[in-house]
Amino acid sequence: MTSQNAAKVWTKQLVQEHAQAAAAVELYTLPLYLTAMTSIKDRRSEAAQIIFSVAAEEMLHLQLAANLCVALDTPPNFKPPQYGADVPHIKPYDPETGERGFLNATLGPLDDERLNIMLDIENPEEIPEGMAVDHSTPQHPYSSIGEMYDGLIIGIRQVGAEQFSWDTRHQQAHWPEQHFPQIISNYADARNAVQAVTNQGEGHILDGVLKSPPWTEHNFPIPPYYRLLHDPNDPEPYNGYAHFGRFLKLKNGRLPEVFSGVERPNDPINKPLQQNFFQFLLMLETLWTNGGVNFGGSDALWAAVQGVMKNLVANARACWKAGVIPNWFDLAAVGE
């Protein structure tokens, strides 16, 4: 996608590439967050509950980003994330640390390093003084995921919403009814879905101003319209505050006791995790390709996805208990 660096105007192809990048970034968060969560020894701790609540919403965000791809006439890309390499679209300015750098996460326990990366991923769209932001041209890297989504919406408008089919076939809607749309059938739906993603991730900055730290989760509420409703995995009070705010709550407190581990990618303990994650990605591709017609329909396949997700959590925890940092994907086995 390096062609975007030289691009001067939005094109349909660049809009589609941004939509695919959005889906890829949402997928990127899942192994990272779940690896950190399963490293926590006390699975009932508040830290584990907070990270799990975020991961539940990231699955919703992945659904919305994949639906956006379909609406914009391009298939979502469910390739496995590559950790330890730059995410080319995102170079966040972290208001917590003042640092700027490409996202380059490595899997590991919930520690200060991982928590800072998680804050980088969810950082609010606050641009330092003197830095100009202009999404009228498709330029990246972006300072936040929210800024990338903003660029995507502006790109749709500049190319012309009528240039896209807004196809709803094989789009998925597996959460109970929300205020915001899950099926994206027009530009207004796209804008609202993007607002749901960015408000849940970054939150609505209180009073529209990001004041000097220290901050708490209360500085980053989610407007009621964009909160995830009726999900037992995302209980009060967590669904009222953005991911950035929830992770701030962890940073402002004492981190829980975690398992230690070493990287042993070829250890057999990783195999169940790798097999289930490969199956998980295949299921996602099937859902957005044909709606799971060979699995009894999308609802049946989504139920199977949820079952695999539970297995992934158990598999990753088993790795930690064996002293191994979970290795989610055997790239060599599938020919990277």
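Read-outs throughout are calculated quantities, based only on the coordinates presented, and are distinct from any laboratory measurement. Here the structure is a predicted model, which means the values were calculated and not measured. Counting neighbours? That spans all protein chains shown, and the Cβs are built from the backbone with ideal geometry, glycine included.
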- Task: Calculate for the chain the 222 nm mean residue ellipticity that helices alone would give, adding -39,500 (n - 2.57) per DSSP H run of length 4 or more and normalising by residue count, nearest 500 deg cm²/dmol.
- Result: -15000 deg cm²/dmol
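Listed highest first by mean packing, meaning other Cβ atoms within 10 Å per residue, what order do 80-86, 105-111 come in?
By packing density, highest mean first, the sequence is 105-111, 80-86.
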- Query: In a shell of Cβ-Cβ distance under 12 Å around residue 284, excluding residue 284 itself, what net charge do Lys and Arg (+1) and Asp and Glu (-1) give?
  - Reply: -1
- Task: For a footprinting-style exposure proxy, rank 39, 143, 136 by other Cβ within 10 Å, fewest first.
- Result: 136, 143, 39
- In what sequence do 175, 328 fall when counting other Cβ within 10 Å, fewest first? 175, 328
- Note on the structure: Given pairs 249/271; 41/249; 41/251; 91/251; 271/310; 91/271 and cut-off 25 Å on Cα-Cα distance, the over-length ones are 249/271; 91/271
- Calculated from backbone phi, Karplus (6.51, -1.76, 1.60) coupling profile of the stretch 267-280 in Hz, x at Gly/Pro: 5, x, 4, 7, 4, x, 4, 5, 5, 5, 5, 4, 5, 4
- Message: For a quick check: with amide H placed at 1.01 Å from N, whose amide H comes under 5 Å from residue 258's, ignoring anything fewer than 5 positions away on the same chain?
- Response: 41
- Note on the structure: Of 18-30, 57-69, ordering from highest average Cβ density within 10 Å down gives 57-69, 18-30
